[in-house]
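Note sheet for the following structure.
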Amino acid sequence: MTPKTLIQWQRHLREHFDAGRVLADIEMFYSLARWCSTARLHTLANKLVETMKERGFADAEVLHMPADGVTRYGGWVMPIAWSPRAATLDLVAPTHARRRLADYRENPHQLLMFSGPTTETGAIAELLAVSAPPTPSELRRVKGRIVLLANSPTIPVTQRLFDAGAVGVVTDHVIRIPGVKEGKYLDQAVQYHNYSLPPWRVPNGRRGFGFALTPETGRRVRQLLDGGEPVRLRAKVDVEIGDGTIPVITGRVPGRSSQEILFTGHIDEPGANDNASGPAMALEIGRVLLDLNNGRKNPVIERGLRFFFSVEVRGMQALMNERPDLFSNGVLGINLDMVANDPEKVHSVLSVTPNQSALPDYGLPFMCKCLEPLAGYGKHWRVTMGNFDTNDNGMGEPAIGVPTLIVMMCPDAVYHTNLDTPDICSSSAIKHLGTAVGAYTGYMAGAGPEQIRELLDVNYDYSRNTLASLAARLSESGSPDATAHLQYALTRETRRLNGLLRLAQPTEEDPTRRKAADLTDRLAEHAESLDIRLPQPDETTIDEETGYQQQACEVIPLKLFRGHFAFAGLPEKEEWALTQAMGAQGGWAAPGWLQLALAMSTGRRNLLEIHQALRFEGFSVGLDKLLNVFRVLACRDYVRNCAPLQIERALDYPESPVGEGTPLERPATRLRECP
């Protein structure tokens, strides 16, 4: 019998969700992913597809996306194919201290990802310790040397060193996180470095090598340097690097309708928890729902599941821009990341990260309801609300239109180190979380009209409490634009409430639609009843930067790519222009405020409205900065300014109850000249 109520789904998952199978899958994924090798990633992809087919998943296959270090999707450069075979670092002088410092085959974390090769005989060079970041005088001394860094190096730092003539870099730094990742045990740990050397092509062959040591080994090396004798190292790196592909694994659990709930999780990182655990848990949830068919030809659940596993962020970026058709049936998304540790033992925190507010997640309130019972297992099991994160959730923006939340237990005591092995994964923790997420998935996948009306009540209560809490904070803070802020929040929560109609697709006479309309009216009445006792602000005082307001009103941006944004591997002039416009240097991804501003760039609102939304979502960004950044982005063809009803759209933004509504008619205007 197919479960209907949440209690029935919880009972079904407790009985059928197999944590042992998840642990076995984690072991298999980890055995290949830990090498951080493109070649082994393809082997893992093929094994994963075989596993999916054996368990009855439909349409399981490997798709191939470019791995050439050149192709870009939304500013993300696809990583160059990189497959190490062997790498060692030996201390060769002084002779009395000779020893092996690092060996990739013993500990893959010890080779920095995207290291370049050496000659067959290796590179022997003197070691030089420098500051973090290196001073100009130190940069003048690095030519022909291997550089020892006191922190986890960033790409700009390592490239500056290689440009100055350094042949390699070494770091003995392990990132500490107070209260979570700290203690003597980290002296034996090696930090994972996936973004210290560029994953893209570098000009003039300036790709050096890099190694990571344990802090204990690093102290011994530093003692030798302090002794005054020259310290010389020999590095050997045998790696295949060049054009290739990265795999994207996909497969389905069919439903009765074409609608699908999408699962994502990356498989490229070398940890058992981060993130062999995410795809392993997703597969087990899929197997439990698939087994409900009990051999029947026709599915018993209403909505199917679809799975995407690949390289973190970049795999999904490529897929969304190359194959948007694969997302066309998606109605909700779940990104699982680091879901196998016991938070009571490794000091992690269970968090749910909502979809960005450009597309309010109508599944969020019910996911929180499903996770609430876990608090009974200890204080670290209490659900916290995470801030927006750039992960495998890029489909949660209007260009794709699949609101996606992230469930994770991060960070933890072994985060991004070689200590993240299958031994730290907890069968009981997997069972607890898998049951909760599985019950959510089953309920959403099987929800009929009655269940959708129950979900409307859950969302109404969530939105009502959200508005009341906001009103209280606004009254306390004395915000001058509290009325506008509350109205903005009401619009967002109304979209969250009515988003559930995507599941039902009811007619005008359907009781589900009537209930949604009734709750929408009640929510508006509730918002109107909230007495914040603050005057309506004068429009000219909403933004102190009045000189920029007219310019911002004339910019109606349309984003010309799908997914998240980054500015990886830009030529120096372009990187300088963006850095100047933002007032800060970019990193792994663009900051949250820019991700949200771009997600809102659907050709239906001007830049002043976007700026106001950013402020109401807690981002403090000057209007002049926002204008400057969008000018730079327009010059690089990431956005364009448009009159929404006249433009030939580069993307088809889906119209839905959680969509952007009818475009407004506004005159087009040009952005200023490119900086």
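The values are calculated or read from the model by the stated rules, or taken from the named source; none is laboratory data. Source: prediction; values computed, not measured. As a convention, Cβ positions derive from the backbone with ideal geometry for all residues, glycine included, and neighbour counts pool all protein chains shown. SASA here: full protein model, heavy atoms, side chains in, ligands and nucleic acids out. Shrake-Rupley method; radii C 1.70, N 1.55, O 1.52, S 1.80 Å.
Tabulated results
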{"item": "Leu139 vs. criteria surrounded by 13 or more Cβ atoms within 10 Å (Cβ to Cβ) and in contact with a strand residue (DSSP E or B) (Cβ under 9 Å, 6 or more places away or on another chain)", "result": "no"}
{"item": "Inter-residue pairs, beta-carbon under 7 Å, first more than 24 Å from Phe114 (Cβ to Cβ) and touching a residue at least 60 places away in the same chain (Cβ under 8 Å) and in the stretch 34-55, second of a type in the set (Lys, Arg) and open to solvent by 20 Å² or more (accessible area, probe 1.4 Å), 6+ apart", "result": "Arg55/Arg287"}
{"item": "Some residue of the stretch 172-179 being surrounded by fewer than 16 Cβ atoms within 10 Å (Cβ to Cβ), more than 26 Å from Leu41 (Cα to Cα) and without any contact (Cβ under 8 Å) to a residue 12 or more places away in the chain", "result": "yes"}
{"item": "Considering residues of the stretch 145-162 that are of a type outside the set (A, V, I, L, M) and open to solvent by 40 Å² or more (accessible area, probe 1.4 Å) only, the residue modelled with the highest pLDDT", "result": "Arg145"}
{"item": "Filter result for the condition that a residue is farther than 22 Å from Leu213 by Cα, hydroxyl-bearing (Ser, Thr, Tyr) and surrounded by fewer than 23 Cβ atoms within 10 Å (Cβ to Cβ), over Thr118, Thr43, Thr95, Thr88", "result": "Thr43"}
{"item": "Residue ID - nearest to Ala634 (Cα to Cα), chosen from residues in the stretch 605-624 that are part of a loop (DSSP other than H, G, I, E, B) and either free of Cβ contacts under 8 Å to residues at least 60 places away in the same chain or open to solvent by 20 Å² or more (accessible area, probe 1.4 Å) (or both)", "result": "Arg605"}
{"item": "Pairs, first under 23 Å from Pro324 (Cβ atoms) in the stretch 551-580, second open to solvent by 50 Å² or more (accessible area, probe 1.4 Å) and assigned to a strand (DSSP E or B), C-beta under 7 Å, six or more apart", "result": "Leu558/Arg640; Leu560/Arg640"}
{"item": "Breaking point among (1) within 26 Å of Ala235 (Cβ to Cβ); (2) open to solvent by 10 Å² or more (accessible area, probe 1.4 Å); (3) out of contact with any Leu (no Cβ under 7 Å at 6 or more places or on another chain); (4) in a strand (DSSP E or B), for Trp82", "result": "(2)"}
{"item": "Where a residue in the stretch 124-149 is farther than 15 Å from Ala93 by Cα and its partner, wherever it lies, is of a type in the set (Ser, Thr, Tyr), with Cβ under 6 Å and at least six apart", "result": "Leu149/Thr171"}
{"item": "Wholly within the stretch 306-416, helices (runs of 4 or more DSSP H) carrying at least 1 residues that are crowded, with 24+ Cβ neighbours inside 10 Å and small (Gly, Ala, Ser)", "result": "314-322"}
{"item": "Among the residues listed as Arg287, Arg303, Arg256, the single one being open to solvent by less than 10 Å² (accessible area, probe 1.4 Å) and touching a residue at least 12 places away in the same chain (Cβ under 8 Å)", "result": "Arg303"}
{"item": "Test: residue in the stretch 241-249 that is surrounded by fewer than 16 Cβ atoms within 10 Å (Cβ to Cβ) and assigned to a strand (DSSP E or B)", "result": "yes"}
{"item": "Filtered residues of the stretch 185-240 (kept if open to solvent by 30 Å² or more (accessible area, probe 1.4 Å), touching a Leu at 6+ places or on another chain (Cβ under 9 Å) and either among the hydrophobic types (A, V, I, L, M, F, W, C) or assigned to a strand (DSSP E or B) (or both))", "result": "Leu224, Leu225, Arg232, Arg234, Lys236"}
{"item": "Any pair with Cβ under 6 angstrom, 6 or more apart, that starts in the stretch 108-121 at a residue that is touching a residue at least 24 places away in the same chain (Cβ under 8 Å) and under 27 Å from Asp420 (Cβ atoms) and ends at one that is of a type in the set (S, T, N, Q) and open to solvent by 20 Å² or more (accessible area, probe 1.4 Å)", "result": "His109/Asn418; Met113/Asn194"}
{"item": "Every residue from the stretch 476-501 that is of a type in the set (Asp, Glu) and open to solvent by less than 40 Å² (accessible area, probe 1.4 Å)", "result": "Asp481, Glu493"}
{"item": "Candidates Ala468, Ala552 - the one that is open to solvent by less than 20 Å² (accessible area, probe 1.4 Å), over 30 Å from Gly255 (Cβ atoms) and modelled with pLDDT of 90 or more", "result": "Ala552"}
{"item": "Among the residues listed as Gln646, Gln595, the single one being crowded, with 21+ Cβ neighbours inside 10 Å and either of a type outside the set (Gly, Ala, Ser) or at pLDDT 50 or above (or both)", "result": "Gln595"}
